[in-house]
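**Q** I'd like to ask you about the structure that follows.
The values are calculated or read from the model by the stated rules, or taken from the named source; none is laboratory data. Computed from a predicted model, the values in this text were never measured in an experiment. In this analysis, Cβ positions are derived from the backbone assuming ideal geometry, glycine residues included, and neighbour counts consider all displayed protein chains.
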Number of protein chains: 4
Amino acid sequence: MTHSTPQTVMVAAHTKHGTVVYANDFKFDLYPTLGDKPNFRRLAELGEEGITALIVDSTYAKDHRKMPSESVARELLKDVLLGTNSSGKAVILTTFSSHIARLKSIVELGRKMGRKVIFLGRSLSKYVDAAEEVGLAKFSGQVEAVKFSKNIKRRLKKLMDEGTEKYLLVVTGHQGEPKAVLSKMASQDFGFRFSYEDHVVFSCTVIPTPTNRMNRERLEAAIKASGARIFRDIHVSGHAAREDIRDLINFLKPENIIPAHGDTGMTSALCELAEEMGYKANKTVHILRNGNLFKL
Amino acid sequence: MTHSTPQTVMVAAHTKHGTVVYANDFKFDLYPTLGDKPNFRRLAELGEEGITALIVDSTYAKDHRKMPSESVARELLKDVLLGTNSSGKAVILTTFSSHIARLKSIVELGRKMGRKVIFLGRSLSKYVDAAEEVGLAKFSGQVEAVKFSKNIKRRLKKLMDEGTEKYLLVVTGHQGEPKAVLSKMASQDFGFRFSYEDHVVFSCTVIPTPTNRMNRERLEAAIKASGARIFRDIHVSGHAAREDIRDLINFLKPENIIPAHGDTGMTSALCELAEEMGYKANKTVHILRNGNLFKL
Amino acid sequence: MTHSTPQTVMVAAHTKHGTVVYANDFKFDLYPTLGDKPNFRRLAELGEEGITALIVDSTYAKDHRKMPSESVARELLKDVLLGTNSSGKAVILTTFSSHIARLKSIVELGRKMGRKVIFLGRSLSKYVDAAEEVGLAKFSGQVEAVKFSKNIKRRLKKLMDEGTEKYLLVVTGHQGEPKAVLSKMASQDFGFRFSYEDHVVFSCTVIPTPTNRMNRERLEAAIKASGARIFRDIHVSGHAAREDIRDLINFLKPENIIPAHGDTGMTSALCELAEEMGYKANKTVHILRNGNLFKL
Amino acid sequence: MTHSTPQTVMVAAHTKHGTVVYANDFKFDLYPTLGDKPNFRRLAELGEEGITALIVDSTYAKDHRKMPSESVARELLKDVLLGTNSSGKAVILTTFSSHIARLKSIVELGRKMGRKVIFLGRSLSKYVDAAEEVGLAKFSGQVEAVKFSKNIKRRLKKLMDEGTEKYLLVVTGHQGEPKAVLSKMASQDFGFRFSYEDHVVFSCTVIPTPTNRMNRERLEAAIKASGARIFRDIHVSGHAAREDIRDLINFLKPENIIPAHGDTGMTSALCELAEEMGYKANKTVHILRNGNLFKL
């Protein structure tokens, strides 16, 4: 299944009492930038065989559209990295460390920019090493990765001597986490200083919790105080929107639907979608809470 | 200059007291889908020569990013038209009639879908005829255009007999205007009926006035009541965001900046951007109102 | 029970299978301005006897407070009518025609202002006549009521000759309904013209639908264009907030709770409140839809 | 002048070039609960004499109403303290330490509740001691005040032994400041534990910064986890709204207006109000920034 992390699957548990499909963390992307398209044929087959219950991601069930393809995110990144003038400036980008497809696009674009790509931060190394180990993507030889604070500090110092404009720096800390690389760069803990109109690209959204909002506001204020430029929201989500979910329900035609992976506003929106499609609340679509046991 | 309508220019008025640049309605798009890239060399030259005042678009000055390229909009459209399953269903799309670049992408995608493209509505014909006349784009031979209500009614009737799944219908009425084609289709004034899970694609945003919000809400309610699917916001704006504007100011280095084309929240945001870049409020950046006369 | 309309009751249906309490349209107001306080002793007795199910108003279940007393609304009105300078100006007020307690406060305040109170509009007469007939409040002798358009027009004409500053006009049309009295005054259909800095008081909130928002925006624009002053939101709701509902649940200790009178966001909020108090979703608190049949 | 702190004045600087009035931090309250009404006669006199410039508070210039009187806040407090059932429960209230009028109402209501009032926290003592010293209000004899952490801890311990239901605790920390008394009570740093359904009353609003929002969210989550009840927003602001400002301008008829005490959205709203009243942007109403020097 396509999602923001590779190797995502949708699980069908075949029991003697019927088949239950567990479908959190997916979107339907026919133009993925890494890995295969979703296997629609198998979904249709499962629908033919009969599904007793579908447990399904409701994160963006309110959003009346199809979640855009990861190839749209690549186009957004191309536009911001190659379609703006960064000559003579540092370009620093931050994104989800687990988003291997995104990182792959970034490395390719870094090459087109004629810049050397460096990954700074522990979690980046952890994920790309794992991806490389299982043969999903190849970063070694193309990317220099630095894991630990002491080494990052040393590497940034050297890089400032060589000229930051030769590099595309990919760093941890997209939610403004105070101990991640980007926050430490902004607070000059690493000896690094942003120069006037350096580019800082957020290839993510702010996950809307008060802590993240406060951390991001502080981080962005520090970046702006240094005179650097900010490019926000260069991102597409990996979660299904309303019309992806409708497609899934049409493929599987489950007897029962259980909205999951969302607060009550999100699960209610999915409930309404199911009702549009002929399901009945509390009869064939069931809003549960964590810990509820539901007997079919 | 790149914008959502073709042939957009940025005007430099050379007077004996200095040069004034009038820069509403633009964005910096290095990957346009129709027409040339912006002429950055000329902007830099103008900056060298000296600019007394820049009157500049503030619509998206609050938005900390570069406005994405029209090629991102094309990618979004491709994803929604080719990346969803519409076999056996009508596909109806609505967008700005003046957006020739968008219409060109839509016609190309219609061909890839194997569907015949029909334009329904007067303003669509008016704009595409004009574009064709001046040699900007070629629609004739590729698109059938129907202008008037009586003919639209007749054409829709015929098309329902032939099978709506053979067509991509491009129609007027993206803001839910009650007399435009889409509203009349939804209210069955044309004898047309949406079938279950027909696709309706809005390649636009809602321009946020109370009238538009009410019209769109009514239109979407009618569409949903018919069982059709809605895909919203398949769109990228033609107006500069904060980082495009910063680039323009860097090119021109004007002595004075006058934020325009926005309410007080928007012009204030542009004022703050100018202050970040060293301008002084009420000294070198001036917030005016319509009708104010400003002497330099 | 206290609410924005008089004579509100909470219904307990005693059946052989148990007692069901139907509690929409109430708040707990210990300082009502008309009628009695809620009968808490009876609620406690019912709780002792045992309640099988409580169907309960969730409109403001999200709102972490007690809904303020109607005596707060009276204090707000006093402040806006007696605590601002309206000498020489017309004062026009609009509120819910069914809100007899509010109308009573308005009439008393009108007297303190030394102004004659006139009710303009059919629905006002309908409600106050009914209230007077059943002995709830006495308006006749204190208020002149004019029902029909022709008479309203004539009365407004006369009143403009006598001097609008002698009157407190209470009119229909608080949601901006185009055919109600206030909209017709604003559009000069009645021959009436607002003078500069006349006072227009909205003793209500905008019920948040797109139609109301558009109607109110148009109405307020017309009023402002005439130079009159607007005082919004001089109002307190008649619906229970989260802490009123908690008190009700504590009194009744029902076995089952069924949130009602709200969209999914509201019923979900009430569900969460019940869970805070030890109820279990889908076991003892049940979110239903209109038309659902629920067997206990 | 009436405001949320006592002894507020509006300053008129009489110079040989004209009179400048500085009017931040005020509202027009004809029903104050402490101190005198505004001196409208003197304002009218100043207007007669002629005012060159008015520097004026724009905090709530967007808000189309008169700011309600402090007597409305007292009515709200009465409703929440006397109009809810808190028998057997602790009642903890937090508000601005400088708001002497509010604290006076709280002490009076505490007496009506038959509870002993204790002030916990340093800043409360600092302000009430000062108020008492200058003869503004008398708290000593009626309120026990505890300043320092060690003593607060000891007092809370004793109070838990005696029965928290005998007390009304007024504490610091309304914005969720982590080191203030309320946060430390919630995190059990003082050895205090909330009991099920204790009342916590916020007689304030959240000042909307990301830090406050995060602090308040954390504080409220801790309070709710303990099972206590929260009553929010029992408050009325001390700053003028649009219609108070209009009255001030009508009294003073200044030649020039300079909106102050607000971000660009707020000063722009005041600018629009002035334009409604015949002033001209950049001619007689001037939006400045901190540090701007403005020559009349």
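**Q** What number of residues within the range A:2-11 are touching a Phe, Trp or Tyr at 6+ places or on another chain (Cβ under 8 Å) and within 20 Å of A:K253 (Cα to Cα)?
**A** So in the range A:2-11, the residues touching a Phe, Trp or Tyr at 6+ places or on another chain (Cβ under 8 Å) come out as A:2-4, A:8, A:10-11.
Still in the list and also within 20 Å of A:K253 (Cα to Cα): A:10-11.
Residues meeting the conditions: 2.
**Q** Here's something else I'd like to know. Return the residue satisfying two criteria in turn: it lies in the range C:78-115 and is away from chain D (no Cβ under 14 Å), aliphatic (A, V, I, L, M) and within 30 Å of C:T8 (Cβ to Cβ), and of such residues it is surrounded by the fewest Cβ atoms within 10 Å (Cβ to Cβ). Show your work before the answer.
**A** Taking the range C:78-115 and keeping what is away from chain D (no Cβ under 14 Å), we get C:90, C:92, C:94-104, C:106-108, C:110-111, C:114-115.
Filter again for aliphatic (A, V, I, L, M), leaving C:90, C:92, C:100-101, C:103, C:106-107.
Restricting the remaining residues to those that are within 30 Å of C:T8 (Cβ to Cβ) gives C:92, C:100-101, C:103, C:106-107.
Details: C:I92: 25, C:I100: 23, C:A101: 25, C:L103: 26, C:I106: 23, C:V107: 19.
Checking each candidate, the answer is C:V107.
**Q** Test each condition in (1) within 30 Å of D:A44 (Cα to Cα); (2) at pLDDT 95 or above; (3) over 17 Å from the mean Cα position of the chain (by Cα) for C:Y22 and report the one that comes out false.
**A** Here C:Y22 clears every test but (1).
**Q** When only residues in the range C:202-219 that are out of contact with any helix residue (DSSP H, G or I) (no Cβ under 7 Å at 6 or more places or on another chain) and either of a type outside the set (K, R) or touching a residue at least 60 places away in the same chain (Cβ under 8 Å) (or both) count, which is surrounded by the fewest Cβ atoms within 10 Å (Cβ to Cβ)?
**A** The first filter runs over the range C:202-219 and keeps only residues out of contact with any helix residue (DSSP H, G or I) (no Cβ under 7 Å at 6 or more places or on another chain), leaving C:202, C:204-205, C:207-209, C:212, C:215-216, C:218.
With the extra rule that they be either of a type outside the set (K, R) or touching a residue at least 60 places away in the same chain (Cβ under 8 Å) (or both), the set shrinks to C:202, C:204-205, C:207-209, C:212, C:215.
Working: C:F202: 26, C:C204: 20, C:T205: 15, C:I207: 11, C:P208: 7, C:T209: 12, C:N212: 18, C:N215: 21.
The residue in question is C:P208.
**Q** Looking at the range A:36-47, can you tell me whether even one residue there is of a type in the set (A, V, I, L, M, F, W, C) and within 18 Å of the chain's Cα centre (by Cα)?
**A** As a first pass, look at the range A:36-47 and keep what is of a type in the set (A, V, I, L, M, F, W, C): A:40, A:43-44, A:46.
Narrowing further to those that are within 18 Å of the chain's Cα centre (by Cα): none.
No, there is no match, as no residue in the range A:36-47 is of a type in the set (A, V, I, L, M, F, W, C) and within 18 Å of the chain's Cα centre (by Cα).
**Q** Looking only at the range A:183-219, filter to residues that are touching a Phe, Trp or Tyr at 6+ places or on another chain (Cβ under 9 Å) and under 22 Å from B:K66 (Cα atoms); which one of those is farthest from the other protein chains (Cβ to nearest Cβ)?
**A** A:A186
**Q** What number of residues in the range A:206-233 are of a type in the set (V, I, T) and under 21 Å from B:E272 (Cα atoms)?
**A** Start the filter on the range A:206-233 by keeping residues that are of a type in the set (V, I, T), which leaves A:206-207, A:209, A:211, A:223, A:230.
Now restrict to residues that are under 21 Å from B:E272 (Cα atoms): A:223, A:230.
Looking only at that region, the number is 2.
**Q** Sticking with this structure for a sec: Taking the criterion of being polar (S, T, N, Q) and within 14 Å of chain D (Cβ to nearest Cβ), would at least one residue in the range A:225-233 satisfy it?
**A** Just the residues of the range A:225-233 that are polar (S, T, N, Q), to begin with: A:226.
Checking the rest, the ones that are also within 14 Å of chain D (Cβ to nearest Cβ) come to none.
No: zero hits.
**Q** Which count do you get for residues in the range D:130-173 that are of a type in the set (D, E), exposed (fewer than 14 other Cβ atoms within 10 Å of the Cβ) and in contact (Cβ under 8 Å) with a residue 12 or more places away in the chain?
**A** Taking the range D:130-173 as the starting set, the residues that turn out to be of a type in the set (D, E) are D:132-133, D:144, D:161-162, D:165.
Next cut, exposed (fewer than 14 other Cβ atoms within 10 Å of the Cβ) only: D:133, D:161-162.
Checking which are in contact (Cβ under 8 Å) with a residue 12 or more places away in the chain leaves us with none.
Residues flagged as of a type in the set (D, E), exposed (fewer than 14 other Cβ atoms within 10 Å of the Cβ) and in contact (Cβ under 8 Å) with a residue 12 or more places away in the chain within the range D:130-173 amount to 0.
**Q** Got a number for residues in the range C:254-274 being acidic (D, E) and not in a helix (DSSP H, G or I)? Walk me through it before giving the result.
**A** Residues of the range C:254-274 that are acidic (D, E), as a first pass: C:255, C:263, C:272.
Then keep just the ones that are not in a helix (DSSP H, G or I); that gives C:255, C:263.
Selection size over the range C:254-274: 2.
**Q** Let me ask you something else. Can you find a residue that is within 12 Å of chain C (Cβ to nearest Cβ), hydroxyl-bearing (S, T, Y), touching a helix residue (DSSP H, G or I) at 6+ places or on another chain (Cβ under 9 Å) and assigned to a loop (DSSP other than H, G, I, E, B) anywhere in the range D:1-16? Please lay out each step first, then the result.
**A** Looking only at the range D:1-16, we keep the residues that are within 12 Å of chain C (Cβ to nearest Cβ), and these are D:2.
Cutting the leftovers down to hydroxyl-bearing (S, T, Y) gives us D:2.
Next, from what is left, pick out any that are touching a helix residue (DSSP H, G or I) at 6+ places or on another chain (Cβ under 9 Å): D:2.
Imposing the further condition that a residue be assigned to a loop (DSSP other than H, G, I, E, B) reduces the set to none.
Looking for residues that are within 12 Å of chain C (Cβ to nearest Cβ), hydroxyl-bearing (S, T, Y), touching a helix residue (DSSP H, G or I) at 6+ places or on another chain (Cβ under 9 Å) and assigned to a loop (DSSP other than H, G, I, E, B), one finds none in the range D:1-16, hence no.
**Q** Something else: Considering only residues of the range B:62-77 that are among the basic types (K, R) and at the interface with another protein chain (Cβ under 8 Å from one of its Cβ atoms), which is surrounded by the most Cβ atoms within 10 Å (Cβ to Cβ)? Please lay out each step first, then the result.
**A** Initially, the range B:62-77 is screened for residues among the basic types (K, R), giving B:62, B:65-66, B:74.
Still in the list and also at the interface with another protein chain (Cβ under 8 Å from one of its Cβ atoms): B:65-66.
Numbers: B:R65: 21, B:K66: 28.
Going through the qualifying residues, I end up with B:K66.
**Q** Looking at the structure I just gave you, is C:R193 within 27 Å of B:R218 (Cβ to Cβ) and basic (K, R)? Break it down stepwise before answering.
**A** On the way: within 27 Å of B:R218 (Cβ to Cβ): no; basic (K, R): yes.
Here the answer is no, as C:R193 does not meet what is asked.
**Q** Which of the numbered conditions does C:L252 fail, given that it passes all the others? Conditions: (1) within 11 Å of chain A (Cβ to nearest Cβ); (2) aliphatic (A, V, I, L, M); (3) within 20 Å of C:G18 (Cβ to Cβ); (4) surrounded by 20 or more Cβ atoms within 10 Å (Cβ to Cβ).
**A** (1)
**Q** While we're on this one: Within the range D:17-55, restricting attention to residues that are of a type in the set (G, A, S) and assigned to a loop (DSSP other than H, G, I, E, B), which residue is nearest to the other protein chains (Cβ to nearest Cβ)? Explain how you work it out, then say what you get.
**A** Narrowing the range D:17-55 to residues of a type in the set (G, A, S): D:18, D:23, D:35, D:44, D:47, D:50, D:53.
In the following step, the residues that additionally are assigned to a loop (DSSP other than H, G, I, E, B) were identified as D:35, D:50.
Values: D:G35: 16, D:G50: 21 Å.
Step by step, filter the range D:17-55, then rank; the result is D:G35.
**Q** Whether any residue in the range A:52-60 is of a type outside the set (S, T, N, Q) and surrounded by fewer than 19 Cβ atoms within 10 Å (Cβ to Cβ) is what I want to check. Steps first, please.
**A** Filtering the range A:52-60 for residues of a type outside the set (S, T, N, Q) gives A:53-57, A:60.
Filter once more, so that each one left must be surrounded by fewer than 19 Cβ atoms within 10 Å (Cβ to Cβ): none.
Checked against the condition, which is being of a type outside the set (S, T, N, Q) and surrounded by fewer than 19 Cβ atoms within 10 Å (Cβ to Cβ), the range A:52-60 yields no hits at all.
**Q** Taking the range C:18-36 as the region of interest, how many residues are surrounded by 14 or more Cβ atoms within 10 Å (Cβ to Cβ) and over 11 Å from C:P254 (Cβ atoms)?
**A** Going through the range C:18-36, the residues surrounded by 14 or more Cβ atoms within 10 Å (Cβ to Cβ) turn out to be C:18-35.
If we keep only those that are over 11 Å from C:P254 (Cβ atoms) too, we end up with C:22, C:24-35.
Of the residues in the range C:18-36, 13 are surrounded by 14 or more Cβ atoms within 10 Å (Cβ to Cβ) and over 11 Å from C:P254 (Cβ atoms).
**Q** Further, regarding this structure: Within the range D:220-249, which residues are touching a residue at least 24 places away in the same chain (Cβ under 8 Å), assigned to a helix (DSSP H, G or I) and out of contact with any strand residue (DSSP E or B) (no Cβ under 9 Å at 6 or more places or on another chain)?
**A** Our first condition is that a residue be touching a residue at least 24 places away in the same chain (Cβ under 8 Å); within the range D:220-249, this holds for D:220, D:222-223, D:226-249.
With assigned to a helix (DSSP H, G or I) added as a condition, the list becomes D:220, D:222-223, D:242-249.
Matches in the range D:220-249: D:A222, D:D247.
A quick yes/no check of all residues on (1) among the acidic types (D, E); (2) closer than 21 Å to D:T19 by Cα:
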site	(1), (2)
D:I234	no, no
D:E243	yes, no
D:R246	no, yes
D:T284	no, yes
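**Q** Also, I was wondering about something else. Out of everything in the range A:267-282 that is over 30 Å from the mean Cα position of the chain (by Cα) and farther than 17 Å from C:K283 by Cβ, what residue ends up being nearest to the other protein chains (Cβ to nearest Cβ)?
**A** In this case the residue turns out to be A:K280.
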